[in-house]
Amino acid sequence: MAAGTWAQGSPDPGAVREAQRVEQERHNDANAIAEAAARPMKRFGEIKSKEQADLQALHRVRDQMIGTRTHSLTRCEHSAWNMALH
């Protein structure tokens with residue numbers, strides 16, 4: 001058998017390394033889940049009031065509208081440039 005070739009039925013070394021990596025990730029995930037389950041529930045910030053949540057939603061919608069407007073204007077500019085060039 002030539003150097004660097006594998007006998008029939010032998011696993012591909014890349015596949016073995018990938019399987020080992022996936023197994024290690026599963027092990028790490030299981031450890032993280034077990035550690036998180038053992039901890040008491042923690043909150044890292046205060047719960048928003050209804051007014052704060054409403055204001056945040058309003059700003060989110062405003063940002064989306066500005067993005068849509070900018071996108072539309074850019075498309076119009078590109079169309080104008082294309083018409084001027086052709």
Subject >> Computed [θ] at 222 nm, deg cm²/dmol, the chain (DSSP H ≥ 4; -39,500 (n - 2.57); rounded to nearest 500) >> reply: -26000 deg cm²/dmol
Original post:
Using the reciprocal of the averaged 1/r over all distinct C-alpha pairs, how large is the Kirkwood radius of the stretch 32-86 in Å?
Top reply: 15.8 Å
Original post:
For the pair Gln20 and Ala37, how long in nm is the line joining their label points, each one 7 Å along Cα→Cβ?
Top reply: 2.9 nm
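Read the figures in this text as sums done on the coordinates, not as results from a lab. Values in this document were obtained by computation on a predicted structure and should not be read as measured data. Every residue, glycine as well, gets a Cβ built from its backbone with ideal geometry; the counts of neighbours run over all protein chains shown.
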